[in-house]
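This report concerns only the one structure given below.
Rule-based calculations on the coordinates, nothing more; no lab input. Keep in mind that what you see is a predicted model, and the values were worked out from it rather than measured. In this analysis, Cβ positions are derived from the backbone assuming ideal geometry, glycine residues included, and neighbour counts consider all displayed protein chains.
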Amino acid sequence: MKLRNALVGSLILGLLVAGCGSQKAAEKKEAAPKLSGKVVVYMPSPAGLSDKLCADFEKKTGVKVEKFQGTTGKIMARLEAEKANPVADVVILASWSDGLNMKNSGKLLSYRPANADKLNPAWIDKDNTIVGTSASAVGVIYNTKLLPKLNADWAELADPKYQNQLAIPDPEKSGACKDFLAGYMTSQNNPWQTWEAMAKNGLTVPGANKEALEAVTTGEKAILIAGVDYNAYSAKKKGEPLDIYYPKSGTVVNPRPAMILKTSPNQANAKAFMDYLLSDEAQKLVVNAYLLPGRSDIQCDNRTNLKDIPQFKTDWDKMLQEAGAIAKKLNSICKK
């Protein structure tokens, strides 16, 4: 009898403890703040991707997204203009080095988003301030009507047979091209020899990424050096006479940093948006836009995957220090 009473007592006590635990868990869940209001996000192209990301986030959370879309240069200029009265919560750029520059300026809030453990290695900094939720790479884009097949390495493109056929995006306007040149120059031996030879061969700088790609699409030029890959894949899908490859000696894969500003007026919503960027749904939208996904467990079936892109051994800190001067010099030698 005593044993039975003891067992009954233990059972009742266990149920009471479990009930208290469930009640506390429910109270904790109920206490979690419900999202409302807005989040202000500054983000780069492609426009279709940014529109879909914002619409899906709004649908899932009820939080209104106020979006500004522009090049990295335009985003940085807007942030500078709003310095005295900050507006943005989340900033996404097309250049990892520009993200590092913002971090070094002490402008970013530390936050490790959900699914950060699934990120590609090195696509989040040790302080959890910049997160590569997607990425692009640069390659050689060529007009297949003018050149049915091309696989020349970077240095081989300086051959006189490509006289007046080469274009490159303006590295002082394209963050992707700027980072590529910095990666090339800081990882190769005698790097300027190749680019000076290309300049003598008539290498031109038609403008930022869009204008440079247009020069090759129309046949004004046959080859775009350091062209952003997702633009090429998208244009090719639409039927443009373009193809792309990554030279065998390597290139730069550029994670696109997503960051929360310390001055964010809507930090809870900003953190929720960062979580969303690494969700299954958002990463699928990234892949559909021909960008590389930030998560290593997600693969592409519409473009070259990260593991198949040869890469330079990049030193981002060194690249950050030298990128501006390298971009300026490239423009200078192409204008001679």
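For the chain, the longest principal axis of the Cα atoms and the long axis of helix 47-61 meet at an angle of about 0 degrees.
Relative to the dominant Cα principal axis of the chain, helix 267-277 is inclined by about 60°. Restricting to bridges with both residues inside the chain, how much of the DSSP beta-bridge set is antiparallel, in percent to the nearest 5? DSSP beta bridges in the chain are roughly 65 percent antiparallel. Shown here is the pair-distance distribution of the stretch 226-308: with all Cα-Cα distances grouped in 10 Å bins from zero up to the longest one, the shares run 15, 40, 29, 14, 3 percent. The alpha-carbon of residue 34 sits under 22 angstrom from the alpha-carbons of these lysines, leaving out residues fewer than 8 places away in its chain: 24, 59, 60, 64, 67, 262, 271. Each Lys and Arg Cβ is given +1 and each Asp and Glu Cβ -1; about its Cα centre, the chain then shows a dipole of about 740 debye. Taking the centroid of alpha carbons for each part, the stretch 294-336 and the stretch 133-164 are 15 Å apart.
Shape summary of the chain, radius of gyration then Dmax from alpha carbon positions: 24.6, 103 Å. Taking the chain as a Gaussian network, Cα atoms linked when under 10 Å apart, which of 189, 151, 209 shows the biggest mean-square fluctuation? Residue with maximal mean-square fluctuation among 189, 151, 209: 189.
The mean sequence separation of alpha-carbon pairs under 8 Å and at least six residues apart, normalised by the residue count of the stretch 98-170, gives a relative contact order of 20 percent.
As a length-normalised measure over Cα pairs under 8 Å and 6 or more apart, the relative contact order of the stretch 201-269 settles at 17 percent. Any idea what angle helix 175-185 forms with the longest principal axis of the chain, computed on alpha-carbon atoms, 0 to 90 degrees, nearest 10? Roughly 70 degrees between the two axes. Short-range pairs are left out: with C-alpha atoms under 8 Å and at least six residues apart, the relative contact order of the stretch 59-205 is 22 percent.
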